[in-house]
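Structure record follows, encoded as structure tokens.
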């Protein structure tokens, strides 16, 4: 049998008891005959505690030193997991990102993995060790500086290790049972998906599903690594993310497959509108250049047809709320040059997205989606689509209603409420 | 001006305020025109907290993983110090032991430094950075495993860096003003020494003076690096440890130098006595082989002349109390083979040592030492001497009286009580 890579997040190793549970689980996989490589996050609140320490010392700590500081977190958790495994009679060795050969670019705080050179890991596996690797961290290619990968980095570490080691599967352990057709806190009848394609998972992640990070899914897709998202608190099978919508196998299978994988939502965006922008060549480009210059990532962009009478148009776009202030400032500075009429900011918006590979071959999905939302009495602000996704911007207060309406309209509701894991927090 | 290496211990970086104070001090040295390299320990109780974590997970954690865990401590403190320096307008870069080129043997938990290859540090200095290095840690030469140096390791890191960088001085910052003629908590009139030779400092460290660790002084002596022991809470000059008693300069200077550097004491030892050991060739050797086999380091050893009537002798030795149980077990196993009469253990003993390079050229020191102790009504158990040291074993309850008596007899008492830093805990 081959190599299984497992990822455990901070909540899975929050204290000594949790660390021991994780060790038990790892050892079970080893007993089943697999070589096991584990990527682990910092314990519980460690990262926040380290950030607090940094804040106490400096209002604006250098990014290099912040990475040095934060990487202490996984160093602690990985050593503890290795110790707990040793207690169970198996040998384990922990490795930092650098030791594990996780090579990144040099962008501190959000480095990208360039390559994984797993020489030491492979040697440790050959020597019979279970291997524990620090998630979220790496070492820069040329300067040999310690880097961190940013939010969700440990998922990416796990998938990158799985790719470099040609693993059978990358298991991502989390606190829910898998990927659901909608957030069960909003839709109690949401169903767990047994299987979903990389493309669908990418769209869902991009549209607010928080279970897997975009970069991790992108990495898995590129190297064709199956991801098994499952709960560290149960033995249930979770959701397997694998296969592309362009695979022949998928094309055939999808004849009977559900059209829609799920309904995602996102409350982290804001909408900016420029009204009365003179409809001249290059003006829209200036707007988006200014935003790019301020390092702002836009999501949806809509430009109206210009009114004949005035030769002016409106431009709206959405962006992360955290970038709102920077965007407004960059645009205010353009006012004189471009001469738009007003600059509006609305952070009381939400995005609801319907994702499904089947919509490519099933006309009428868009109409059904819009009419279900309308029937729920919800007004649609902006619209954007991809080959396998339709997204709409609605009032933030209407997000739940729109998600539930779409979920029901596409027959995604389960006959029984499965999402027991959400317990107290699920209404 | 050249390079100054500074060492700050855990109490000097115990919290954010302390870290900022240390940064201020480092920057002052830089402003004075020196390049600065700093070795820093883990913050306050971090190491103990990490050990508690390990204990919670495993009763007997593998040494490799324990080192991996503990080295997170300095990673945190060094990054914070670098951040605080950046806030003061200077640039600092922190480096792990491995990055700093601290090469050790592979003995986890008490590795010895074999070499320092300071390529990255020198480069960082050339680029204008203040360099912060994790104390207490290194990387093993062949296996590239993370190691720790054991107790007092950061002092040794600092001196090793100073040697490798050909620094002007290695400043060891601590919570007292320097090296004193005796522990001011026992002798309030103890004086701070301005200067002491490596050999005297070695003897004092070996005899219980806790201010510097033996290995650090040995390292400094081998590479002739002056150590300046001083307080991180004051601007006073501390004690410079430099020069050998065999230096010509010292020989000349010592004509006027004080005969005695100080009186050290140690309450960490126990005394073991074997009575009625048959006085046959090889029997004593068997005893010490057995102790060596149990990894026990002996300190003083005394064998009586054997009684003519019985052809039996007594053997006494002292050893760290922590090794007491192992030693007694090893010796009990020899009882049948050797046939000694009894095996006695006494941990109510203390060692009082007089240290001074001048005693080589001043006869009568031994007599004066013994008579001062006798005059204080203290009984002497065992005696051992070196070229520049006389040590006696006394009852533990008599240690303070013996130290005070010897201190006074050799005119070491100050006219005023200088040791204000000991404040509340003094006497």
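The values are calculated or read from the model by the stated rules, or taken from the named source; none is laboratory data. Here the structure is a predicted model, which means the values were calculated and not measured. Neighbour counts run over all protein chains shown; Cβ positions are idealised from the backbone, glycine included.
Residue count for segment A:105-148, restricted to those that are at positive phi and over 26 Å from the mean Cα position of the chain (by Cα): 2. Determine whether segment B:240-259 contains at least one residue that is closer than 24 Å to residue B:21 by Cα and touching a residue at least 40 places away in the same chain (Cβ under 8 Å). There is at least one residue in segment B:240-259 that is closer than 24 Å to residue B:21 by Cα and touching a residue at least 40 places away in the same chain (Cβ under 8 Å). Within this structure, residue B:107 passes the test of being in contact with a helix residue (DSSP H, G or I) (Cβ under 9 Å, 6 or more places away or on another chain) and either under 19 Å from residue B:219 (Cβ atoms) or facing chain A (nearest Cβ under 8 Å) (or both).
Exactly one condition in (1) touching a helix residue (DSSP H, G or I) at 6+ places or on another chain (Cβ under 8 Å); (2) modelled with pLDDT of 95 or more; (3) within 14 Å of chain A (Cβ to nearest Cβ) is not met by residue B:116; state its number. Going through (1) touching a helix residue (DSSP H, G or I) at 6+ places or on another chain (Cβ under 8 Å); (2) modelled with pLDDT of 95 or more; (3) within 14 Å of chain A (Cβ to nearest Cβ) one by one, residue B:116 breaks only (3).
Okay, residues lined up against (1) within 23 Å of the chain's Cα centre (by Cα); (2) without any contact (Cβ under 8 Å) to a residue 12 or more places away in the chain:
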site: B:2; (1), (2): no, no
site: B:11; (1), (2): yes, no
site: B:14; (1), (2): yes, no
site: B:17; (1), (2): no, yes
site: B:31; (1), (2): no, yes
site: B:40; (1), (2): yes, no
site: B:52; (1), (2): no, yes
site: B:82; (1), (2): no, no
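The residue that is surrounded by the fewest Cβ atoms within 10 Å (Cβ to Cβ), among those in segment B:266-282 that are touching a residue at least 60 places away in the same chain (Cβ under 8 Å) and not in a strand (DSSP E or B), is B:267.
Evaluated against (1) in contact with a helix residue (DSSP H, G or I) (Cβ under 6 Å, 6 or more places away or on another chain); (2) surrounded by fewer than 23 Cβ atoms within 10 Å (Cβ to Cβ), residue A:241 falls short on exactly one condition, (2). Residues of segment B:301-329 that are more than 12 Å from residue B:272 (Cα to Cα) and crowded, with 19+ Cβ neighbours inside 10 Å: B:313 alone. Residue A:285 satisfies every condition listed in (1) farther than 18 Å from residue A:346 by Cα; (2) surrounded by 13 or more Cβ atoms within 10 Å (Cβ to Cβ); (3) at pLDDT 85 or above except (2).
Matching residues to (1) crowded, with 22+ Cβ neighbours inside 10 Å; (2) farther than 27 Å from residue A:101 by Cα; (3) out of contact with any strand residue (DSSP E or B) (no Cβ under 9 Å at 6 or more places or on another chain):
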{"position": "A:169", "(1), (2), (3)": "no, no, no"}
{"position": "A:178", "(1), (2), (3)": "yes, yes, no"}
{"position": "A:183", "(1), (2), (3)": "yes, yes, no"}
{"position": "A:189", "(1), (2), (3)": "no, yes, yes"}
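Tell me yes or no: at least one residue of segment B:346-353 is modelled with pLDDT of 95 or more, under 14 Å from residue B:260 (Cβ atoms) and not in a helix (DSSP H, G or I). Yes, some residue in segment B:346-353 is modelled with pLDDT of 95 or more, under 14 Å from residue B:260 (Cβ atoms) and not in a helix (DSSP H, G or I).
Does residue B:111 satisfy the condition of being assigned by TED's automatic domain parsing to the domain that holds residue B:165, in a loop (DSSP other than H, G, I, E, B), surrounded by 21 or more Cβ atoms within 10 Å (Cβ to Cβ) and in contact (Cβ under 8 Å) with a residue 12 or more places away in the chain? Taking the combined requirement at face value, the residue satisfies it.
Would you mind stating whether residue B:263 is in contact (Cβ under 8 Å) with a residue 24 or more places away in the chain, over 30 Å from residue B:192 (Cα atoms) and surrounded by 15 or more Cβ atoms within 10 Å (Cβ to Cβ)? No.
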